[in-house]
1. Name the one entry in V204, V191, V168 that is open to solvent by 30 Å² or more (accessible area, probe 1.4 Å) and either out of contact with any Gly (no Cβ under 8 Å at 6 or more places or on another chain) or within 16 Å of the ligand (Cβ to nearest atom) (or both).
2. If A139 meets every condition in (1) at negative phi; (2) open to solvent by less than 40 Å² (accessible area, probe 1.4 Å); (3) more than 16 Å from the ligand (Cβ to nearest atom); (4) at pLDDT 95 or above apart from one, which number is that one?
3. Exactly one condition in (1) closer than 28 Å to W214 by Cβ; (2) within 16 Å of the ligand (Cβ to nearest atom); (3) of a type outside the set (V, I, T); (4) in contact with a strand residue (DSSP E or B) (Cβ under 8 Å, 6 or more places away or on another chain) is false for R153; which is it?
4. Which fully enclosed strands (runs of 3 or more DSSP E) of region 1-84 have 1 or more residues being open to solvent by less than 50 Å² (accessible area, probe 1.4 Å) and within 16 Å of the ligand (Cβ to nearest atom)?
5. Output the qualifying pairs, or none if there are none: Cβ atoms under 6 angstrom, residues six or more apart or on different chains, first residue in region 149-173 and in contact (Cβ under 8 Å) with a residue 12 or more places away in the chain, second residue within 16 Å of the ligand (Cβ to nearest atom) and among the acidic types (D, E).
6. Could you say whether any residue in region 97-117 is outside any loop (DSSP other than H, G, I, E, B) and surrounded by fewer than 15 Cβ atoms within 10 Å (Cβ to Cβ)?
7. May I ask you to list the residues in region 143-168 that are within 16 Å of H85 (Cβ to Cβ) and in a helix (DSSP H, G or I)?
Amino acid sequence: MAANRILADHGVLDGYGHVSARHDRDPNRYLLSRSLAPALVTISDIMEYDLDSNPVDAQERTLYVERFIHGEIYKVRPDVQAVVHHHSPAVIPFSVSTVPLRPLYHMAAFLWEGVPVFEIRDVAGMTDMLVRNPALGRALAQTLGSKAAALMRGHGAVVVSSSVSGVVGRSIYLQLNAHLQAQAIALGGPVTYLDPEEGGRVDVGGYQRAWELWKRKTTAQ
Ligand SMILES: [Zn+2]
């Protein structure tokens, strides 16, 4: 699954985080690796899950604790075909401060509807921060709503798209936008963000051109 390696190459995923895709023939199932660092994932590690995040055939393999993020989003978002959960350091400051992450350039225009922040304490009080059951997954999916991405306070982010290339592109440009926004704020003075109307007009075509390049460059090939 090239998406895992591309996102690892870009520093979006490190030893943790995961990428899933809805099953192309059965919308009530999704594909996700067994518990493994993304850069090490090969085809034989990909497992099939139902939308309650039960593996169809576990074969005694270890599962990602936070797989419920994926299943619960697929349940309520029929438009979503791919999900990434990551812990990109660049986005963490925006999950713990009062400064909202906002799109300031073209490639991150998909953020124009806003980026909600999931506060796990509101749902479950004190936890170990992990989305380790269906109820927490449902709450996160609710926070995400109809948006393209949500931050998770002190933890990371979840990004969704109608395609694997789209979710990979969005994950990369979410991270870049966070870097650029922090730089723009550090320069001082007011920052001009994309107008929602501009954001709504941008169509990057699922980042298809970049996807072809990323696939070529990734070590997966
Ligand atoms: Zn996580």
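1. The match here is V191.
2. (3)
3. (1)
4. Counting at least 1 such residues, we get 18-22, 29-33.
5. Qualifying pairs under 6 Å: R153/E119.
6. First pass over region 97-117, keeping only residues outside any loop (DSSP other than H, G, I, E, B): 106-113, 117.
Next, only the ones that are surrounded by fewer than 15 Cβ atoms within 10 Å (Cβ to Cβ) stay: 106.
Yes, because at least one residue in region 97-117 is outside any loop (DSSP other than H, G, I, E, B) and surrounded by fewer than 15 Cβ atoms within 10 Å (Cβ to Cβ).
7. T143, L144, V164, G166, V167, V168, listed by residue number.
Rundown of residues vs (1) touching a residue at least 40 places away in the same chain (Cβ under 8 Å); (2) open to solvent by less than 10 Å² (accessible area, probe 1.4 Å); (3) closer than 18 Å to E66 by Cβ; (4) under 14 Å from the mean Cα position of the chain (by Cα), yes/no style:
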| position | (1), (2), (3), (4) |
| --- | --- |
| V123 | no, no, yes, no |
| P134 | yes, no, yes, no |
| K147 | no, no, no, yes |
| Q175 | yes, no, no, yes |
| E198 | yes, no, no, no |
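The values are calculated or read from the model by the stated rules, or taken from the named source; none is laboratory data. It should be emphasised that the depicted structure is a prediction, and the values quoted were computed from it without experimental measurement. Because the Cβ atoms are built from the backbone with ideal geometry, glycine has one as well, and the counts that use them run over all protein chains shown. Surface areas here come from the heavy atoms of the whole protein model, side chains and all, with no ligands, DNA or RNA. Shrake-Rupley method; radii C 1.70, N 1.55, O 1.52, S 1.80 Å.
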